[in-house]
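One structure below.
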Amino acid sequence: RQADGRKVLRSSIREFLCSEAMFHLGIPTTRAGTCVTSDSKVVRDIFYDGNPKNERCTVVLRIASTFIRFGSFEIFKPPDEYTGRKGPSVNRNDIRIQMLDYVISTFYPEIQEAYSDNTVQRNAAFFKEITKRTARLVAEWQCVGFCHGVLNTDNMSIVGLTIDYGPFGFMDRYDPEHVCNGSDNTGRYAYNKQPEICKWNLGKLAEALVPELPLEISQLILEEEYDAEFEKHYLQKMRKKLGLIQLELEEDSKLVSELLETMHLTAGDFTNIFYLLSSFSVDIDPSKFEDFLEELTSQCASVEELKVVFKPQMDPRQLSMMLMLAQSNPQLFALIGTKANINKELERIEQFSKLQQLTADDVLSRNKRHWKEWLEKYRVRLQKEIESVGNADAWNTERVKVMNSNNPKYILRNYIAQNAIEAAENGDFSEVRNVLKLLEHPFQETEGFQEVEEDAEEEGATAAAADCSQETRSKQSYCSKPPLWASELCVT
């Protein structure tokens, strides 16, 4: 990008809106103070496809207690045995000591105070705390379907915040292998890999703290603390999302995994299905159950949507050549293509072929069957909650309240951001303001949310925040599944 250091309006709006959205979802994050644009232009090749265009230069004011990252400590890296590259401050342990003293005394004062007479113990306590904070942070991401996009060590905050909103994306249709970054060809930062990649980054931070924290100490902390903290926080959050507020049972983890598997099989919308579950009750009568099932399956992808999802992406001749090359010259194949990409393409072709034989009724029938099976398990689990309480009505009121404060109705979907960006690029920032107000109240409508709607109407807002029936390109509803055109959106 010619290293001009300039940000553009498109990515600035996305960062501004998403950092505020994350804050109001209760997820640790940097904040956005202002977004200022100008008439100055800069050339950007958005999709790296040889089609550059002029975009307006823009500045986002970011706010955080610190912008020190894991990568900040890698300035001390010794020369790489293969490339010879090294950090600019290699062999400067005096600077590493100063950085650790500053970070711990400023942002972890309770640790500094508790271990003021033992530096190694202090550094170990600091590493343990950032390990646990990072594990909890990623668990929060997973529970709202947030994908960061580029989780290298320089995008990991030393105080456990979500930092650097680049090619992020909230998952729509649940896919554990979802990749939000169009330039992540290998799926390194896929949704289901986020917990592991963040653990890997902590390992790199541990290496960068040597000799001030011996590796045998930090590695033991990482192995003992990270997975346990992630799983504990993730399950706690998922119990709240499912309204399991009374009991903590071992079977809950399986119930969650079976829910996600059902979502995956039915191509269900991650956000909307969780949101709908609060209206399910143990003693729902058969007719209302059918209505609920209808509503639930309406949040699953249609045949048309699935055909777009699984449409083959490679030219058949290209795929054939790649498969021949994989057999005849595996070493050359490894250099120019990845086995994972080829397997994914073969899977797409197989799925696309199957879809040609299916009707809308076939898909609906299959989806209803899958959801009936899971809902029966959910009903049995909720029944155990009821049996453990004295007042079932009070329990249900509290259950719905907890679910509605943990399952957002509104997230920053790509199509919502795109509509706001297109309007702003044409000089109309009203949609950015509307979306910002909406994201400040992501959960079920509250008194405060109604006030926001009234304010929006007073300002002549172009779309009512709670109207979920519109399906047009210009006035797409804020809480619906994404429209078909959104599947073409690519963020790099």
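Which residue pairs have Cβ atoms under 6 Å apart, sit 6 or more places apart or on different chains, and have a first residue in region 273-284 that is free of Cβ contacts under 8 Å to residues at least 24 places away in the same chain and a second that is in a helix (DSSP H, G or I) and surrounded by 17 or more Cβ atoms within 10 Å (Cβ to Cβ)?
Matching pairs, first to second residue: Leu276/Leu296.
So that you can scan it fast, the table gives a plain yes or no per residue for (1) closer than 25 Å to Gln112 by Cα; (2) exposed (fewer than 13 other Cβ atoms within 10 Å of the Cβ); (3) touching a residue at least 60 places away in the same chain (Cβ under 8 Å); (4) small (Gly, Ala, Ser):
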{"site": "Ile13", "(1), (2), (3), (4)": "no, no, yes, no"}
{"site": "Glu20", "(1), (2), (3), (4)": "no, no, yes, no"}
{"site": "Asp49", "(1), (2), (3), (4)": "no, yes, no, no"}
{"site": "Arg69", "(1), (2), (3), (4)": "yes, no, yes, no"}
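Could you please find all residues in region 288-304 being assigned to a helix (DSSP H, G or I) and open to solvent by 40 Å² or more (accessible area, probe 1.4 Å)?
Taking region 288-304 as the starting set, the residues that turn out to be assigned to a helix (DSSP H, G or I) are 288-297, 303-304.
Of everything in region 288-304, those that are assigned to a helix (DSSP H, G or I) and open to solvent by 40 Å² or more (accessible area, probe 1.4 Å) turn out to be Lys288, Glu290, Asp291, Glu294, Glu295, Glu304.
Among the residues of region 351-409, write down those that are without any contact (Cβ under 8 Å) to a residue 12 or more places away in the chain and within 25 Å of Glu250 (Cβ to Cβ).
Glu376, Val380, Glu387, Gly390, Ala392 - these are the residues of region 351-409 that are without any contact (Cβ under 8 Å) to a residue 12 or more places away in the chain and within 25 Å of Glu250 (Cβ to Cβ).
What do you reckon, is Met22 outside the structural domain of Thr153 (by the TED database) and touching a Phe, Trp or Tyr at 6+ places or on another chain (Cβ under 9 Å)? Working first, answer last.
Numbers: outside the structural domain of Thr153 (by the TED database): yes; touching a Phe, Trp or Tyr at 6+ places or on another chain (Cβ under 9 Å): yes.
Yes; evaluated as a whole, the condition is true for this residue.
For region 190-270, please list each of the helices (runs of 4 or more DSSP H) lying entirely inside it that holds at least 2 residues being aliphatic (A, V, I, L, M) and within 23 Å of Cys300 (Cβ to Cβ).
Where helices (runs of 4 or more DSSP H) fall fully within region 190-270 and carry at least 2 residues being aliphatic (A, V, I, L, M) and within 23 Å of Cys300 (Cβ to Cβ), they are 252-266.
Kindly check whether there is at least one residue in region 197-210 that is surrounded by fewer than 20 Cβ atoms within 10 Å (Cβ to Cβ), touching a Phe, Trp or Tyr at 6+ places or on another chain (Cβ under 8 Å), among the β-branched types (Val, Ile, Thr) and assigned by the TED database to the domain that holds Arg92.
There is at least one residue in region 197-210 that is surrounded by fewer than 20 Cβ atoms within 10 Å (Cβ to Cβ), touching a Phe, Trp or Tyr at 6+ places or on another chain (Cβ under 8 Å), among the β-branched types (Val, Ile, Thr) and assigned by the TED database to the domain that holds Arg92.
Thr359 versus (1) touching a helix residue (DSSP H, G or I) at 6+ places or on another chain (Cβ under 9 Å); (2) modelled with pLDDT of 95 or more: which is the lone unmet condition?
Only one criterion is unmet by Thr359, namely (2).
Go through region 35-54 and report how many residues are outside any strand (DSSP E or B) and hydrophobic (A, V, I, L, M, F, W, C). Before the answer, list the steps.
Step one: list which residues in region 35-54 are outside any strand (DSSP E or B), which gives 45-52.
Filter again for hydrophobic (A, V, I, L, M, F, W, C), leaving 46-47.
Qualifying residue count, region 35-54: 2.
Would you check which residues across region 271-282 are in a helix (DSSP H, G or I) and either open to solvent by less than 20 Å² (accessible area, probe 1.4 Å) or under 17 Å from Glu376 (Cα atoms) (or both) and list them? If you could, list the steps in order and put the result at the bottom.
We begin by selecting, within region 271-282, every residue in a helix (DSSP H, G or I); these are 271-279.
Scanning region 271-282 gives Thr271, Asn272, Ile273, Phe274, Leu276, Leu277, Ser278, Ser279.
Any residue at all in region 209-223 that's farther than 17 Å from Val159 by Cα and at pLDDT below 95?
no
If you take the residues in region 1-34 that are part of a loop (DSSP other than H, G, I, E, B) and modelled with pLDDT under 95, which one is nearest to Arg413 (Cα to Cα)?
Of region 1-34, the ones part of a loop (DSSP other than H, G, I, E, B) are 1-6, 25-28, 30.
Then keep just the ones that are modelled with pLDDT under 95; that gives 1-6.
Details: Arg1: 27, Gln2: 30, Ala3: 30, Asp4: 29, Gly5: 27, Arg6: 25 Å.
Step by step, filter region 1-34, then rank; the result is Arg6.
When you look at Glu55, is it acidic (Asp, Glu) and either at pLDDT 95 or above or assigned by the TED database to the domain that holds Gly203 (or both), yes or no? Step through it out loud before you land on a result.
Values: acidic (Asp, Glu): yes; either at pLDDT 95 or above or assigned by the TED database to the domain that holds Gly203 (or both): no.
So Glu55 does not fit the description; no.
Select, from Val36, Val8, Val60, the only residue that is open to solvent by 80 Å² or more (accessible area, probe 1.4 Å) and within 25 Å of Thr162 (Cα to Cα).
On the way: Val8 fails: open to solvent by 80 Å² or more (accessible area, probe 1.4 Å); Val60 fails: open to solvent by 80 Å² or more (accessible area, probe 1.4 Å).
None of the other options fit; the residue is Val36.
Does region 71-94 contain any residue that is under 22 Å from the mean Cα position of the chain (by Cα) and at pLDDT 95 or above? Spell out how you get there, then give the answer.
Let us first name the residues in region 71-94 that are under 22 Å from the mean Cα position of the chain (by Cα), namely 71.
This time we only want the ones that are at pLDDT 95 or above, so: 71.
The answer is yes, given that some residue of region 71-94 is under 22 Å from the mean Cα position of the chain (by Cα) and at pLDDT 95 or above.
Are there helices (runs of 4 or more DSSP H) fully within region 313-392 with at least 1 residues that are among the β-branched types (Val, Ile, Thr) and open to solvent by less than 70 Å² (accessible area, probe 1.4 Å)? List them. First the steps, then the outcome.
Numbers: elements: 316-328, 330-336, 339-355, 360-387.
Output list reads 339-355, 360-387.
Would a scan of region 123-140 turn up a residue that is without any contact (Cβ under 8 Å) to a residue 12 or more places away in the chain and surrounded by fewer than 22 Cβ atoms within 10 Å (Cβ to Cβ)?
Restricting attention to region 123-140, the residues satisfying the condition of being without any contact (Cβ under 8 Å) to a residue 12 or more places away in the chain are none.
Checked region 123-140: no residue is without any contact (Cβ under 8 Å) to a residue 12 or more places away in the chain and surrounded by fewer than 22 Cβ atoms within 10 Å (Cβ to Cβ).
Kindly indicate which of Thr106, Thr119, Thr186 is outside the structural domain of Gln418 (by the TED database), closer than 25 Å to Glu261 by Cβ and either open to solvent by 20 Å² or more (accessible area, probe 1.4 Å) or of a type in the set (Phe, Trp, Tyr) (or both).
Numbers: Thr106 fails: closer than 25 Å to Glu261 by Cβ; Thr119 fails: closer than 25 Å to Glu261 by Cβ.
The match here is Thr186.
The values are calculated or read from the model by the stated rules, or taken from the named source; none is laboratory data. Values in this document were obtained by computation on a predicted structure and should not be read as measured data. Because the Cβ atoms are built from the backbone with ideal geometry, glycine has one as well, and the counts that use them run over all protein chains shown. Heads up: the accessible areas ignore ligands, DNA and RNA and are worked out on the full protein's heavy atoms, side chains in. Shrake-Rupley method; radii C 1.70, N 1.55, O 1.52, S 1.80 Å.
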